[in-house]
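Here's the structure, in structure tokens; my notes come after.
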Amino acid sequence: MINDKNSQKIVDIIQNFARKHSLFVLAYGTGCGAIEIPPTMTSRYDAERFGIRGAATPRQADVLLITGYLTTKTVKRVIRVYEQMQDPKYVIGFGSCTINGGMYWDSYNTIKVLDRYLPVDIYINGCMPRPEAVIEGFIKLQKKIMEGRAEGAKHYKENLEWYRANQKKVLGPTTPHIQEYNW
Amino acid sequence: MDFLIKTLGAIATIIVAFIVGMLYMGINRKITARVQNRVGPPVWQNYIDALKLVSKKTSVHHGVMQHLAPAFLMISSMGTLLFIPILRGQSWFPNLSYHGDLIFILYFMVLGSLGMALGAGQTGNPNAAIGITRGLSQMVGFEIPWVMALVAMMIQYHTTSISDLMAIQQQHGWLMFQNPLAFLAAILAMLGMFRYSPFDIVGAPAELASGPISEFGGKYLGLMMSSGSIFAFTKLTLYVDLFMGGASNIVVLLIETFTLYLIPMLYGLVSPRYRTEQAIRYFWGWPTVLGLAALVYSVVI
């Protein structure tokens with residue numbers, strides 16, 4: 001009865017509804033796009049009316065919001081933060097820099113395509129995207145969650161070797177190698 | 001049969017406390033948003049948050065105490081709830097009250113915080129350690145006026161039972177007016193008990209990364225959130241029982257508890273956060289003076 005396919009479907013719908021309407025966001029704000037996050041969260045654009053609110057630590061967060069470029073130094077921290085988060089978890093790439101490098105496309109110490117290192121569920125393009133665009137990106141993510149298509153974390157687990165190889169190319173011997181962060 | 005009815009009543013009490021507590025937290029978020037000129041989340045947002053947190057996968061292991069900490073919180077809040085009479089003179093919502101339960105509750109209410117301190121200490125997160133230190137210091141601060149207010153009432157009416165105090169208030173009027181100094185001391189202690197701003201030094205998200213709960217996510221966070229809302233309802237009901245004579249039906253109870261809940265909420269909305277020593281100095285200032293005055297008043301009268 002419990003493992004029945006139809007009852008599992010109902011459970012999925014309820015769980016996806018809850019996940020969709022309650023997104024705890026961990027903003028990894030080292031890029032310049034971080035300046036667009038305060039107006040998104042506060043009185044003017046008020047993302048909290050969609051159930052989006054900030055989380056203080058990776059353990060409590062659902063969404064990792066990467067605002068802008070990542071240097072090879074910070075990408076190590078981002079990977080560590082991402083692997084500390086609990087399933088189900090989503091990544092939003094914010095701004096042109098996470099898509100193709102943006103204005104840093106020929107820089108010697110930034111990564112260009114974020115999707116090669118972490119599974120990105122939604123991109124928000126623009127340099128920089130305005131709060132309206134950010135909220136629209138969140139709503140796209142909500143739609144994706146409701147349809148059950150936001151499975152970046154699953155993809156990351158299945159293709160871990162490919163992601164690790166890519167990470168090793170930029171990080172060298174300092175690549176994180178611990179599978180589970182229980183320290 | 002009697003045992004069965006009491007068990008069912010206890011379960012019903014806990015469910016009602018959970019629903020009402022969560023609703024109050026949701027209303028709190030809505031009012032906060034309106035004060036900040038925002039639309040704010042719907043009032044049922046906290047139920048959705050709890051459902052999502054419970055349906056998250058959780059695979060973090062730091063040690064045994066880390067797994068037990070949310071259970072300690074839940075035991076403390078549910079246990080305290082069962083020792084408090086919810087409604088006056090009704091066979092519904094039975095409780096485990098006995099002579100001397102006021103003293104028992106004084107000790108039992110802090111059990112959850114101490115268990116949480118052990119659990120958060122085991123996670124090894126420095127933010128958690130700082131949060132615990134702040135929380136226990138703050139507890140030392142507000143427990144003093146709170147205990148003084150309760151002892152003043154125990155002396156005044158020669159009883160340590162909540163049910164007796166409620167019965168006395170039926171004859172003499174609300175204790176709020178019989179011993180106003182004790183009421184004021186207890187209300188000022190309540191500001192610290194609820195840990196809203198300006199006393200949110202324990203879980204300050206901006207400076208401590210949410211303090212003791214920083215390593216707890218998913219199901220554990222959901223459990224803590226539920227136990228927090230049950231505990232909020234428990235404390236409010238205790239205040240209604242002690243100072244407003246208890247409620248005769250659930251509507252009156254909701255009105256009275258919500259009125260009391262507005263005090264820490266609205267005070268928090270207009271106050272920035274204190275530092276730790278400022279918070280303790282606040283509680284050892286006027287609240288303690290009022291508590292001492294209430295003790296003197298209760299002895300003299």
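The values are calculated or read from the model by the stated rules, or taken from the named source; none is laboratory data. Quick caveat: nothing in here was measured; it's all calculated off a predicted structure. Note that we place each Cβ from the backbone using ideal geometry, even for glycine, and neighbour counts take in every protein chain shown. Note: areas computed on protein heavy atoms with side chains; ligands, DNA, RNA excluded. Shrake-Rupley method; radii C 1.70, N 1.55, O 1.52, S 1.80 Å.
Angle, helix B:64-82 long axis vs. longest principal axis of chain B, Cα atoms, 0 to 90°, nearest 10?
30 degrees
In percent, what relative contact order does chain B have, based on Cα pairs under 8 Å that are 6 or more apart in sequence?
Reported as a whole number, the value is 29 percent.
Using the heavy atoms of the protein chains alone and a 1.4 angstrom probe, what is the accessible area of the range B:2-300 per residue in square angstrom?
Here the residues of the range B:2-300 average 42 Å² of exposed surface.
I'd like the distance separating the alpha-carbon centroids of the range B:99-170 and the range A:28-73, in whole Å.
Value for the Cα centre distance between the two parts: 37 Å.
For chain B, what is the mean residue ellipticity at 222 nm derived from helices alone (per DSSP H run of n ≥ 4: -39500 (n - 2.57); sum divided by total residues; nearest 500 deg cm²/dmol)?
-24000 deg cm²/dmol
Threshold 20 Å², probe 1.4 Å: give the residues of the range B:46-61, in number order, that are less accessible with all protein chains present than with their chain alone.
Buried by the other chains: B:I48, B:D49, B:L51, B:K52, B:S55, B:K56, B:K57, B:S59, B:V60, B:H61.
Just tell me which lysines come within less than 23 Å, Cα to Cα, of B:K30; anything on the same chain fewer than 8 places away is out.
Excluding near neighbours in sequence, the set is A:K20, B:K52, B:K235.
How large is the convex hull of the C-alpha atoms of the range B:2-300 per residue, in Å³?
131 Å³
With a 1.4 Å probe and all protein chains left in place, how much of the accessible area of chain B comes from carbon and sulfur atoms, in whole percent? Please list the in-between numbers first.
On the way: 9280 of 12730 Å².
Reported share for carbon and sulfur atoms: 73 percent.
List the accessible area buried at the contact between B and A, summed over both sides and calculated with a 1.4 Å probe, in Å² to the nearest 100.
2400 Å²
Per residue, how much accessible area does chain A show when a 1.4 Å probe rolls over the protein heavy atoms, in square angstrom?
In whole numbers, chain A has 51 Å² accessible per residue.
Using alpha-carbon positions, what is the distance between the centroids of the range B:181-221 and the range A:94-128, in Å?
39 Å
So for the pair A:R149, B:L111, with labels modelled 7 Å out along Cα→Cβ, what separation do we get in nm?
Going from the A:R149 label point to the B:L111 one covers 5.1 nm.
Quick one: helix B:45-54 against the long Cα principal axis of chain B, what's the angle to the nearest 10°, folded into 0 to 90?
Once rounded, one gets 60 degrees.
Helix B:126-157 versus the longest principal axis of chain B: what angle, 0 to 90°, nearest 10, using Cα atoms?
The answer is roughly 10 degrees.
Comparing B:L68, B:L221, B:L51, which has the greatest mean-square fluctuation in the GNM of chain B with Cα pairs linked when under 10 Å apart?
Checking each option, the largest mean-square fluctuation is seen for B:L51.
Please compute the modelled spin-label separation between B:I5 and A:I35, points set 7 Å along Cα→Cβ, answer in nm with one decimal.
It works out to 6.9 nm between the two label points.
By DSSP, what percent of the beta bridges with both residues in the protein assembly as shown are antiparallel, rounded to the nearest 5?
5 percent
Please sort by residue number the chymotrypsin sites (Phe, Trp or Tyr not before Pro) in the range B:187-295 whose DSSP state is loop and whose Cβ has at most 15 other Cβ atoms within 10 Å.
For chymotrypsin sites (Phe, Trp or Tyr not before Pro) across the range B:187-295 that sit outside H, G, I, E and B with at most 15 neighbouring Cβ atoms in 10 Å, the list reads B:W284.
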